[in-house]
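Heads up: the structure comes next, in structure tokens.
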Amino acid sequence: MSTDLRATPFHARSAAANACNAWETRNGFTLASHYGDVAREALAARFAAVMVDLSWQPRVILGEPTAPQFASRLFTRDVSQLAPEEAAKALWLNDDAGVRGVGTVVRLDRETFVVISATGDLPWFRDAAVQFKAAASEATGQGMLALVGHMSDRILRAAGLDPSLRPMTLRRTFWRGLDVTLSRLGLGYELWCEPDDGSIVWDRLVAAGRSFALRPAGQLAMDILELENGVVRPGRDFAPAGEAGGPTVQDLGLSDLVDARQPFNGRAAFRRAGSPSRLVGLVFDTDAPMPETPLVRNGDKVGRSLGALHSPAMRQPIGLGVLDGGAPDSELIAGSVPCRAIALPILPIPAPIPPTTEVPPPPV
Amino acid sequence: MSVAVDVAVIGAGPGSLTAAAYLASAGAKVVVLEATDVAGGAGAAPVDVGGLSVPGTPATLHALDPRVVMDLKLTRRGLRFSVRDLPLVALRADDRLMIDRDRHATANSLAQLSHRDATRFDEFRRDLFAAARALRALWWEAGVPPDASTRSNLRRLGMLSAEAMLEAAFETEAVKAACGFDALQAGISPSSAGSSLLLAWRAAQEMCGLQGAVAIPRGGGPTLASTLLQAASEAGVELRVGTKVASIHVDDDRVRAAVLATGEFVPARVILSNLSRRATLMNLLPPEAAGFAMVTRLRDERTVGEATILMTLNAVPDFAMACPLARFVMVERLDAVVAAHTEARLGRIPTEFALEAVIPTASDPGLAADTTLLCVTVRPLPVAPAGGWPSHVAELFERVVQRLSHHAPRLRSSITGLNVVLPRADQDRVTAAHIASDWPARLATPVEGLFLCGDAAEPVPAVSCRAGRLAAALASAYLKWGAP
Ligand SMILES: Cc1cc2nc3c(=O)[nH]c(=O)nc-3n(C[C@H](O)[C@H](O)[C@H](O)COP(=O)(O)OP(=O)(O)OC[C@H]3O[C@@H](n4cnc5c(N)ncnc54)[C@H](O)[C@@H]3O)c2cc1C
């Protein structure tokens, strides 16, 4: 990673909107932390819509004819079964089944995959690719703007984009002179654009969203929305594994992202690591505890907490936790704080007003 | 597809024949698959020197496992030693020292240069041998936890370089250089942290009942190979020569079969490999089976090795006239060898290398009729010099002959034949951590049912057969109880 600060394709517009000059750095990019009021920005997704700059998220391209074979061994789910323009969430593990990363794997075409994650991990992908005669490189420069919220469909439609898209798919499209990609990989839609088109894309969405109370939101609001929806992010909610050791899938309650019927790196160690645990939401009565605080039920340790923050929508601290067994919906103590474990998502974003056309069910 | 066996062994080196013999004696159905037509490994095939067929390397043994000799009854099968304990004669431009098991003879010899070193040497050897004996808990058996003092010794040696150890012990260059030769093993630089473990490991070995001895097997390497082969076939091992293993079939993270170059499957519950960890995990397994991080680590191969030059002579070289039964070590200065190691690592033939010359025919004339056989080990050398070995062999011969000629002026005219055993490629990189690790860590692989049993699993690569014995124990336990 370069130590120079980089600007995303939306930086000019984001700077103009960032009246409080609240900036932060992620993956070397300068980004708006918030545009004045974190809570309002997070709430806006529930009542209207927000747009958030996600261009900082590292995207690794896996290519060459052997890429499908490579990708199917790299990730904990057989992504080589994806059709072009389909995506799946998956993990990648080190040899000891330590979780190095969590990300979204998108199949662009027969021989090309892109991995979108918060941590990148390009050297790992590159080293492993050698064995398969595949290639891994970082896609740089492209802009990615998330559009999240209740009104997002309507805004897209008003902007002249067709929002009918199944979750975990994408569509490349020509949008009034621009080559863009519209995807549904996270909490809402994402619009990918060429580096030079950032300002035009931003302006078009702002114009289309004006009558739907669209506003830009900073990274902090996105963190809140992600946590409310049960998204686990390495670096924020847990420290990812390195070359050896590290948190296992079971430690993080991410067994749902693993299909152990197919071989993948770390599978043998994953199988030895024991029975699946469960990722749950935690709602705290008072202050949120530090990550890795033991969760106790009737004097027995039953799990541990991961990341936590204050949810403006719930007016309460919330967090993620892992339960070794047993059901959520139970009263626990985290450190000294009483809390309740609930099934995820903790508080989903209301579904966008549905498109008029029928959408087939999502892929497996 | 052939008949399923309990254990398929890849390569018929000393380690794998040992493992096969132990396993078959314990009742397992074992097949050994050897690519070449000669079973016994690198040392078993004869080498042509000036039209004479002589036994290949190594000419001497220093690490053979006494338990293997006893358990497999190798002595009864014909393994004899023509010399049990070769003294070390250090030859330098201006001095000649002798380091012998006899402490008085050694002290007298060293006293020519330094009285202090003459007295220090005995203490040094006593301390080193005592520390090394304690470390046998780690190096001789699996699963014997070393006691606290041994662990602390191991930690100390794990950080100490051989160079620093010898610098601290002796004042004369000659003694440091003489003792330093044995630290030039496994491609490790004598100046690197932990290289003192190489000296300790050498000192922990026992040949013919003598600690730290170097012995010459009668008949050379082929004798050891044939006794091991005899033990294996008597135990019921099936040997298939001319049978190259092309890959290992893995299913569900477990070995299922050895796949031959002909496409034939040899189904097996356990596979033992006599090849390097690199060759086994990178070349024989499917790309993902060994683990991405493991393979990335293995990609880093060993860059420094050694060669043996075999010469037939029509006269005994001058340096060996008085006492031909010795290891003649030629190292001018230890620091020069450290520099040589760096040159070798960069792919160059070093300006100044270390030599060890042995004359096996002095004690075993039957090895080469009416001829003097001189085996010269050259360390350190690049495994893959720039431009490839063929373009450097003539230069190497010339420089080695030049060096030897300092101590044997008539050598050049007495040479009747020459050949060289070049540094082995595809060897694993050996680190101090590898030497200090325990047996299961070196024998096991990430794939269930696959174990190493050759040089790669030894703390320091050498003809020892200990890895074979301990791999057999691990494989037996696996056959009986499955993965731990
Ligand atoms: C120049 C030199 C000098 C040395 N000097 C000494 C010394 O003085 N003292 C000492 O103790 N050691 C010495 N060694 C080390 C010694 O030679 C080795 O320790 C010894 O050969 C044992 O090696 P091994 O068991 O790993 O394998 P090897 O003996 O090499 O056996 C491996 C066997 O596997 C076979 N094989 C390879 N690939 C396949 C395949 N795909 N399928 C089937 N079979 C296969 C090979 O043909 C071979 O027979 C020296 C080595 C070299 C190169």
Considering only the stretch A:11-37, how many residues are over 19 Å from the mean Cα position of the chain (by Cα) and not in a strand (DSSP E or B)? 15
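Do the conditions hold for residue A:241, that is, is it in a strand (DSSP E or B) and small (Gly, Ala, Ser)? Even if it seems obvious, please write down each step before you answer.
Details: in a strand (DSSP E or B): no; small (Gly, Ala, Ser): yes.
It is false that residue A:241 is in a strand (DSSP E or B) and small (Gly, Ala, Ser).
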Please state which one of B:315, B:322, B:336 is closer than 30 Å to residue B:373 by Cβ and either touching a Ser or Thr at 6+ places or on another chain (Cβ under 6 Å) or modelled with pLDDT of 95 or more (or both). B:315
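Residues of the stretch B:395-449 being in a helix (DSSP H, G or I), small (Gly, Ala, Ser) and away from chain A (no Cβ under 14 Å), which ones? Step through it out loud before you land on a result.
Residues of the stretch B:395-449 that are in a helix (DSSP H, G or I), as a first pass: B:395-407, B:411-414, B:432-436, B:439-443.
Of the ones still in play, those that are also small (Gly, Ala, Ser) are B:405, B:413-414, B:432-433, B:436, B:441.
Residues satisfying the conditions are B:405, B:413, B:414, B:432, B:436.
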Considering the stretch B:22-31, residues that are on the phi < 0 side of the Ramachandran plot and out of contact with any Ser or Thr (no Cβ under 6 Å at 6 or more places or on another chain), and then whichever is nearest to the ligand (Cβ to nearest atom), we arrive at B:31
Across the stretch B:245-297, what is the number of residues that are out of contact with any strand residue (DSSP E or B) (no Cβ under 8 Å at 6 or more places or on another chain) and in a strand (DSSP E or B)? 1
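Conditions (1) within 26 Å of residue B:479 (Cβ to Cβ); (2) β-branched (Val, Ile, Thr); (3) within 14 Å of chain A (Cβ to nearest Cβ), marked per residue:
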| site | (1), (2), (3) |
| --- | --- |
| B:222 | no, no, no |
| B:240 | yes, no, no |
| B:243 | yes, yes, no |
| B:258 | yes, no, no |
| B:271 | yes, yes, no |
| B:274 | yes, no, no |
| B:291 | yes, no, yes |
| B:305 | no, no, no |
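Quick test for you: out of A:126, A:172, A:110, pick the one residue that is under 30 Å from residue B:283 (Cα atoms), out of contact with any His (no Cβ under 8 Å at 6 or more places or on another chain) and in contact (Cβ under 8 Å) with a residue 24 or more places away in the chain. Even if it seems obvious, please write down each step before you answer.
On the way: A:126 fails: in contact (Cβ under 8 Å) with a residue 24 or more places away in the chain; A:172 fails: under 30 Å from residue B:283 (Cα atoms).
Going through A:126, A:172, A:110 in turn, just one is under 30 Å from residue B:283 (Cα atoms), out of contact with any His (no Cβ under 8 Å at 6 or more places or on another chain) and in contact (Cβ under 8 Å) with a residue 24 or more places away in the chain: A:110.
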Which numbered condition in (1) surrounded by fewer than 23 Cβ atoms within 10 Å (Cβ to Cβ); (2) under 21 Å from residue B:28 (Cα atoms) is the only one that residue B:237 fails? (1)
Surrounded by fewer than 20 Cβ atoms within 10 Å (Cβ to Cβ), more than 20 Å from residue B:19 (Cα to Cα), within 15 Å of the ligand (Cβ to nearest atom) and modelled with pLDDT under 95: is that true of residue B:264 in this structure? no
Taking the stretch A:315-331 as the search range and keeping residues that are within 17 Å of residue A:289 (Cβ to Cβ) and modelled with pLDDT of 90 or more, which one is surrounded by the most Cβ atoms within 10 Å (Cβ to Cβ)? A:321
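Among the residues of the stretch A:291-302, are any part of a helix (DSSP H, G or I) and modelled with pLDDT of 90 or more? Don't jump to the end; show me each part of the working.
Going through the stretch A:291-302, the residues part of a helix (DSSP H, G or I) turn out to be none.
Checking the stretch A:291-302: not a single residue is part of a helix (DSSP H, G or I) and modelled with pLDDT of 90 or more.
Select, from A:165, A:108, A:91, A:147, the only residue that is of a type outside the set (Gly, Ala, Ser), within 14 Å of chain B (Cβ to nearest Cβ) and not in a helix (DSSP H, G or I). Break it down into steps so the answer makes sense when it comes.
Details: A:165 fails: within 14 Å of chain B (Cβ to nearest Cβ); A:108 fails: within 14 Å of chain B (Cβ to nearest Cβ); A:147 fails: within 14 Å of chain B (Cβ to nearest Cβ).
Just a single option satisfies the conditions, and that option is A:91.
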Criterion: more than 25 Å from residue B:259 (Cβ to Cβ) and either within 8 Å of the ligand (Cβ to nearest atom) or not in a helix (DSSP H, G or I) (or both) - qualifying residue of B:16, B:2, B:53: B:53
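The values are calculated or read from the model by the stated rules, or taken from the named source; none is laboratory data. No experiment lies behind these values; they were computed from the predicted model shown. All Cβ positions, glycine included, derive from the backbone under ideal geometry; neighbour counts span all protein chains shown.
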